[in-house]
Amino acid sequence: MRDARQSLPILMLLGCLALAGCSSQTPTAPAPDMTGQRVFLVGFSPNEQVRLTFEDRLQSALIEHDVSSVQSHLSIPTYSALEHARILAGADAENAALILVVRRLAVDAEGYGARIPPNVDAATRTYRTLQNFLASADQRPAEPPPPSRQVVEVYGYARGGTGARLIWSGYSWVDFDGNLDTAIGETAELIATNMARSRDAIRANPGGTL
């Protein structure tokens, strides 16, 4: 994942996930501070090897930044089994406060426009609940994407009694050069770095506006 040209925030009291730098000048809420809490990681890809590798890389990157997390593939071994009840049960079993879902979207390289899937909130282009996100499950083939302009989207859902509500989200345009291993590693590191920076900013300015 290299040479990002543009990055757009999703605004709904949400953070801008700076995968390659955030271009928005609008103040937004940072990523949640997960100090003392655990994150349940869901790499939402029909390519089983990509999912497993990404979740492992992201977990390792988060450890380096003192964020506790656990990979969903340890309790939900196949993409087809990533259902609402099973994800919630997996997060419950790990006592994870946040469910972090990461997915690659197809992009129209000509017009730099992401395909907006069904069940998305029209005003914010976000999925307000984990259930809405899962209802938009991407049905494209599991083969690795061709080199092109891509979008990576990240959703953070706070676990609740019967569901999970959106508290943080973001996405970023990236130019993918075909090296899947590099893209996975860089994406994982950048997500972890963003979460750590937001945590540190919250600690430095508790109750303030970032």
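Values in this text are rule-based calculations from the coordinates and carry no lab data. What you are looking at is a predicted structure, and each value in this text was computed from that prediction instead of being measured. Backbone-built Cβ (ideal geometry, glycine too); neighbour counts: all protein chains shown.
Things to note:
- Full extension of the segment from residue 182 to residue 201, taken as 0.36 nm per residue of separation minus the current Cα-Cα distance, would add 4.0 nm.
- Residues 153, 143 arranged by fewest to most Cβ contacts within 10 Å: 143, 153
- Environment charge of residue 96, counting only residues whose C-beta is closer than 14 Å and scoring Lys/Arg +1, Asp/Glu -1: 0
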